[in-house]
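Here, each number is a calculation from the coordinates, and none is a lab measurement. Predicted model, so just to flag it, every value in this text is computed and none were measured. A quick note on method: Cβ atoms are made from the backbone with ideal geometry, for glycine too, and the neighbour counts reach across all protein chains shown.
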Amino acid sequence: MTHVTGKPLTGRKVLMIVCSAYAVIIGVNLTLAYQAVATFPGLETRNSYVSSQHFDVDRAAQEALGWDVAAVLEDGTLRLSFDHDGTPVAPVIVSATLGRATNVAQDQTPEFIWDGAAYIAHVDLGAGNWNLRLKAKAQDGTDFRQRVIVRVIR
């Protein structure tokens, strides 16, 4: 029979163990909460109720344009194409922001140039998923808004 000798487990030691465990849990939660708030990119719209009042009308007008939008990155050149039944379309680009979905630290504003078939811009992107948040205007004045995903594989 073996006897283990040592200090007895007292109420004070149990209290210290429990307090230490809770301190670790609370510390991790506070760190994660701070990181979530510090990297939040912001609101999409100031008043979602007002935006929702004309959402269906705007979406129907945009879908009536019949555009297929694609963004492809090749050798540092971003090619943004708008097609209607296979024919290139050249809308007026109101704004275009290229960035990550989770933060705004790497956001870029590409300078697009029409080459006769698509818009092109030179960009420097790291590997991963990027979002092109695009606002354009059709020749008839219809607003067009879309988030186009650009995947960069290296």
To the nearest 10 degrees, the tilt of helix 11-38 (Cα long axis) against the first principal axis of the alpha carbons of the chain is 10 degrees
What nm distance separates the two modelled labels at A23 and E111, each placed 7 Å from Cα along Cα→Cβ?
5.6 nm
Would you mind pulling out the separation of the Cα centroids of region 48-77 and region 124-154, in Å?
10 Å
Under 13 Å, Cβ to Cβ, from R145 - net charge with Lys/Arg +1 and Asp/Glu -1:
+1
Just the projected area, averaged over all directions, of the convex hull on the alpha carbon atoms of region 48-152: how many nm²?
7.3 nm²
Estimated FRET transfer efficiency (D68, A127; beta-carbon r; R0 41 Å; 0.05)
0.95
In nm, what is the difference between 0.36 nm times the number of residues separating A90 and V50 and their Cα-Cα distance?
11.4 nm
Tell me, what is the FRET efficiency for A101 and S81 to the nearest 0.05, using R0 = 25 angstrom and their Cβ-Cβ distance as r?
0.70
Between K13 and Q139, 0.36 nm times their residue separation minus their Cα-Cα distance comes to what?
37.8 nm
Using only alpha carbon pairs under 8 Å that are at least six residues apart, calculate the relative contact order of region 101-154 and give it in whole percent.
29 percent
Debye, to nearest 20: dipole size of the chain, +1 on Lys, Arg Cβ, -1 on Asp, Glu Cβ:
1400 debye
